[in-house]
Amino acid sequence: MDNEKKIITFCLLLAGVCSLVFCEEWKASVENSLEALVSSCVVVPCSFSHPRGALPTSRLRGIWHLKDQVTKNIYHDDETKILDSFKKRTKLLGSLGQDNCTLELMPVNDHDNGPFCYRIELVKTEDNAPTIDKFSFVEECVGLKMLNDPPKPVLSHPGTATPGEPYTAVCSVRHTCPSYMPTLTWSQGTKEETFEIYQDINHGIWEVESILTFIPEEIHDTSDLTCTATFHGGRTSSAGVALNVKRAPSVNHVIIHAAVAASLAVIFGVFCVFMVKKYKNRIAELQHQDGSMWSRLSRVSRR
Ligand SMILES: *[C@@H]1O[C@H](CO)[C@@H](O)[C@H](O)[C@H]1NC(C)=O
């Protein structure tokens with residue numbers, strides 16, 4: 001009987017420990033790798049799940065730390081526990097109560113490559129007593145690829161522009177800073193002639209697209225159409241194309257061409273008639289001379 005009790009107690013204890021830490025499914029999902037533009041910002045998407053059902057943000061503590069260095073925090077809700085070099089640069093954008101551990105790093109320095117790992121702790125039990133229920137997802141880390149130069153925008157456009165007809169060009173650029181999207185500006189056209197689209201490409205990558213539709217005039221003929229991307233922090237990059245504005249054949253041009261062609265035809269016709277007349281006379285003259293030559297020759301042969 002005593003042994004039975006011991007076994008039951010042991011089993012209950014094991015079940016308790018098991019439910020607290022080992023056997024429950026705690027999962028975090030973080031991008032493995034993300035590009036980050038130096039001097040701009042980067043937002044690392046992160047989400048997690050736990051078996052405790054909905055928990056308020058106040059009962060959860062989300063921590064980001066350097067890989068294999070659990071005490072070197074880059075984000076912690078207690079600022080004194082953050083590494084000096086990361087103080088005031090990191091922010092949890094996500095709400096832990098909604099299982100969202102999305103991290104913002106701004107501004108990005110060129111030594112911020114990480115990897116940075118996410119760790120979650122349950123801070124209090126219902127009666128506010130400290131709990132041992134901590135969990136760390138050391139395998140869920142993100143490495144940052146530092147970009148020292150901003151990516152160039154991609155410009156797509158039709159080959160030539162026709163004055164008076166709408167011309168549409170599309171400029172797009174990808175980035176990883178959705179809290180402060182880059183802006184795209186054009187060297188031609190007005191703000192009213194542009195249309196912007198913001199897209200989540202997934203895996204932490206975003207795209208800004210600007211569509212410009214304007215009516216070129218002949219003044220634009222050899223000028224450039226440039227699209228400039230300005231990233232948060234002030235870095236810029238641009239892509240351009242020479243506008244080839246083609247003059248459309250106007251009605252006046254067609255009439256002038258037709259008139260010139262008609263005049264040429266008339267002149268040629270007159271010339272032909274004149275030539276025929278001239279040669280008629282000449283042929284007749286030659287025939288006449290021939291006649292006299294023949295008669296002369298026959299006279300000679302008769303002698
Ligand atoms: C997490 O929070 C970020 C920032 O507020 C938000 O953009 C993102 O959509 C959230 N993710 C999910 C899965 O709700």
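Numbers at a glance
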{"quantity": "Residue that is within 30 Å of residue 104 (Cα to Cα) and either more than 15 Å from the chain's Cα centre (by Cα) or in contact (Cβ under 8 Å) with a residue 60 or more places away in the chain (or both), where the choices are 213, 194, 190, 185", "calculated": "194"}
{"quantity": "Output for region 171-224, where each listed residue is closer than 25 Å to residue 93 by Cβ, among the acidic types (Asp, Glu) and open to solvent by less than 70 Å² (accessible area, probe 1.4 Å)", "calculated": "196, 207, 209"}
{"quantity": "Single residue of region 28-48 satisfying the filter (of a type outside the set (Val, Ile, Thr) and not in a strand (DSSP E or B)) that is nearest to the ligand (Cβ to nearest atom)", "calculated": "45"}
{"quantity": "Residues satisfying the stated conditions in region 80-100, i.e. within 16 Å of the ligand (Cβ to nearest atom) and acidic (Asp, Glu)", "calculated": "99"}
{"quantity": "Enumeration of residues in region 70-91 that are more than 15 Å from residue 108 (Cα to Cα) and assigned to a strand (DSSP E or B)", "calculated": "70, 71, 72, 73, 82"}
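The values are calculated or read from the model by the stated rules, or taken from the named source; none is laboratory data. Note that the structure is predicted; figures quoted are calculated from it, not measured. Ideal geometry is used to build each Cβ from the backbone, glycine not excepted, and the neighbour counts take in all protein chains shown. Surface accessibility is based on the protein's heavy atoms, side chains included, excluding ligands, DNA and RNA. Shrake-Rupley method; radii C 1.70, N 1.55, O 1.52, S 1.80 Å.
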